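The values are calculated or read from the model by the stated rules, or taken from the named source; none is laboratory data. Computed from a predicted structure; not experimentally measured. For neighbour counting, all protein chains shown are included, and Cβ atoms are generated from backbone atoms with ideal geometry for every residue, glycine included. Just so you know, the surface numbers come from the protein's heavy atoms only, side chains and all, with ligands and any DNA or RNA stripped out. Shrake-Rupley method; radii C 1.70, N 1.55, O 1.52, S 1.80 Å.
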Amino acid sequence: MMRVQLKDTLALQTNLSFDQKYIVFEIESAPSGDTYYRIENDAMRVVPYDSSLFNVVSDKLNGDWTILDKPNQSSARLPREIAYMTFWEEFYNDEPKALRAFNQSKARLYLEELDDTEIKDILESNKEEEIYFVLNTLIRTKCDTFTNDMIQVAKKRLEENRYSQDDMLLATFQYLSLFQEEHINEFFIYYLTNIELGNDELTEIVSNYFAS
């Protein structure tokens with residue numbers, strides 16, 4: 001996976017941070033000789049940026065990246081899941097097939113490149129959309145590395161009475177319920193003794209956990 005970082009504060013752009021490492025989802029070479037990196041910025045928008053703004057901090061491109069020659073004489077290199085000609089048009093039009101392909105690619109790239117500290121930083125951030133994405137990736141891969149972190153997230157959300165229509169809390173309970181571990185048992189007992197903080201969906205997950 002390729003990751004880039006702004007060269008200096010003089011290169012600051014809207015919705016980009018100097019200290020952030022960004023995943024590159026496409027490297028596009030224009031007929032003019034310019035190169036563009038398509039990255040997901042701080043506003044969670046995937047946008048092409050001039051490569052001259054960035055330093056490459058990781059250039060591990062796997063063999064499954066594909067080169068596409070475009071009609072305008074440009075070419076692009078991108079992951080296999082999204083390597084088809086109409087992908088970006090469909091993605092920006094919110095076509096379900098393209099959104100699924102992008103999320104599949106993003107999840108794979110996250111797991112290949114991000115270390116535990118970086119994932120933990122995301123889970124402890126206030127970027128709800130990115131937390132939810134990472135959490136669902138952990139559920140699909142049944143990765144138990146971050147159970148303690150997610151217990152703290154769940155306790156905080158419960159105590160803040162944020163359970164109403166809280167997809168994040170529901171996903172957190174689903175993640176924790178995948179693993180039979182003592183600290184998860186203790187957390188779910190904590191939940192049951194403070195059940196007024198929760199709701200029926202959360203209680204069902206906990207009940208099924210102890211019944212299994």
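Here Asp42, Asp19, Asp94 are screened, and the one residue that is open to solvent by less than 60 Å² (accessible area, probe 1.4 Å) and outside any strand (DSSP E or B) is Asp42. The number of residues in the stretch 110-134 being touching a residue at least 60 places away in the same chain (Cβ under 8 Å), touching a helix residue (DSSP H, G or I) at 6+ places or on another chain (Cβ under 7 Å) and surrounded by fewer than 18 Cβ atoms within 10 Å (Cβ to Cβ) comes to 1. Among the residues of the stretch 171-203, those that are surrounded by fewer than 17 Cβ atoms within 10 Å (Cβ to Cβ) and over 21 Å from Glu160 (Cα atoms) comprise Leu178, Phe179, Gln180, Glu181, Glu182, His183, Asn185.
Which of the residues that make up the stretch 155-170 are out of contact with any Phe, Trp or Tyr (no Cβ under 6 Å at 6 or more places or on another chain) and open to solvent by less than 80 Å² (accessible area, probe 1.4 Å)? Of everything in the stretch 155-170, those that are out of contact with any Phe, Trp or Tyr (no Cβ under 6 Å at 6 or more places or on another chain) and open to solvent by less than 80 Å² (accessible area, probe 1.4 Å) turn out to be Lys155, Arg157, Leu158, Tyr163, Asp166, Leu170.
Report the residue count in the stretch 155-209 for those that are aliphatic (A, V, I, L, M) and under 20 Å from Thr141 (Cα atoms).
Step one: list which residues in the stretch 155-209 are aliphatic (A, V, I, L, M), which gives 158, 168-171, 176, 178, 184, 189, 192, 195, 197, 202, 205-206.
Subsequent filtering for residues that are under 20 Å from Thr141 (Cα atoms) retains 168-171, 176, 178, 184, 205.
Selection size over the stretch 155-209: 8.
Within the stretch 81-109, residues that are of a type in the set (Lys, Arg) sit with their Cβ atoms under 7 Å from residues that are surrounded by fewer than 19 Cβ atoms within 10 Å (Cβ to Cβ), at 6+ positions apart or across chains, in these pairs: Lys97/Glu90. The C-beta contact set for the stretch 57-80 (first residue closer than 24 Å to Gln20 by Cα, second residue assigned to a strand (DSSP E or B) and open to solvent by 100 Å² or more (accessible area, probe 1.4 Å), distance under 6 angstrom, 6+ apart or interchain) comprises Arg77/Ile67.
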